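Asker: First the structure, then my questions, so here it is.
Taken together, the values in this text are just the output of simple stated rules run on the coordinates, not laboratory data. These figures come from a predicted structure and were not determined experimentally. Neighbour counts run over all protein chains shown; Cβ positions are idealised from the backbone, glycine included.
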Amino acid sequence: MITALPDFVSEISGMMVTLLPVAALGAIVLAGLRLRREGGTNYDEGGSFFKWLFWGALLLTLPAVFSATIPGLFSGGPSPVPPSGAGTGTFGSVANSLTTGITSFVNNVLVGRIVPLVAAALCFKSILDSSEGHSPLPSIISALFVLGSQAFWTLAKTWSTSSSSTTSTVAFASADVLDSMFNYLAMTISPYVAVLCFVGAAINYQRSRPWGVVALSGLAFLSFSGLWSLVTGWMGATITW
C-alpha cells in the first residue's frame, strides 16, 4: 500500500507546483530572446524558439496532465500530485520565502526591468542593421515578441485553464495549449504579417526593386488558415482513397 509523502517532500513539491506558471513566463521570455538568432527573418523548426515555447506550454499545464495520468498508475493509493502552495510545516516558511522571492524577481526584475531594456536594445540593433543594408525585421519582430511576452503568457494561461476544465482533454492539456498557439498564429498574427508584406511590396515597387514575391507572400499569410485547411483536406482525401 502506498503511504503519503513526508511533509517536507510535499512542501517542496507544492512550492515547485506553485512556481510552474512563473517558470513558464521565463520560458516565453527566453523564446523571444532566441527568436532573434533563429536565422534571419525565418526561424528554424528545430531551434530554441520552438523549444522554449514548448517548455512554456508544458510548465503551464503540467499539474493538469499529472492529475489526469499519474493517479491511474497508483490505483488504490493516494494521488502523488502535490497541491500548490508550500504548506505550513517545518520547511513551509523557507519554501514560502523562496516562492515569494523567485516570483518577485521574475515579475519585477525580469519582466518589469530587463524585458523593456532588451526590447530597446533590439530596436537599436534594427537601426544598425538598416544602416548596414540588412533587414531590420528580425530585431523588430523579436522586440515586439519580448515586449508582449507577459501578455502572451496571460493568454496562454487562459488556454491552459479552458483545456483543463473538461475531463476529456485534461490529459492532453499541453497539446491543447500548443494547438491554441498555432491557431493564434494563423488567425491573429498572420494577417498583421500580411500587412507588413504589402507595405514592403509597395516600398520595393516605389524603389524599382522586386516586389512580386513580397506581395505573394502577403497573400499567402493572409490566407494561411485557408491554405492549411486545404492541405489537411487533401491529406484526408488521400488517406481515404
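Asker: So if we plug the beta-carbon distance of Tyr184 and Leu117 into 1/(1 + (r/R0)^6) with R0 = 25 Å, what FRET efficiency do we get, rounded to 0.05?
Answerer: Approximately 0.40, to the nearest 0.05.
Asker: Now a separate question. Expressed as a whole number of Å, what is the distance separating the alpha-carbon centroids of the stretch 92-165 and the stretch 171-241?
Answerer: 25 Å
Asker: What FRET efficiency do you get for Phe54 and Tyr205 if R0 is 45 Å and r is their Cβ-Cβ distance, rounded to the nearest 0.05?
Answerer: Once the sixth-power term is evaluated, E becomes 0.70.
Asker: For Asn108 and Ser225 in one chain, what is 0.36 nm times their gap in residues minus the Cα-Cα distance, to one decimal in nm?
Answerer: Here the answer is 38.4 nm.
Asker: Residue separation times 0.36 nm, minus the C-alpha to C-alpha distance between His134 and Tyr192: what's the value?
Answerer: 18.7 nm
Asker: Kindly put Trp159, Trp234 in sequence by how many other C-beta atoms sit within 10 Å of each C-beta, fewest to most.
Answerer: Ascending Cβ contact count within 10 Å gives the list Trp234, Trp159.
Asker: So what is the orientation-averaged projected area of the stretch 172-241, using the convex hull of its C-alpha atoms, in nm²?
Answerer: Average of the hull's projected areas for the stretch 172-241 equals 6.1 nm².
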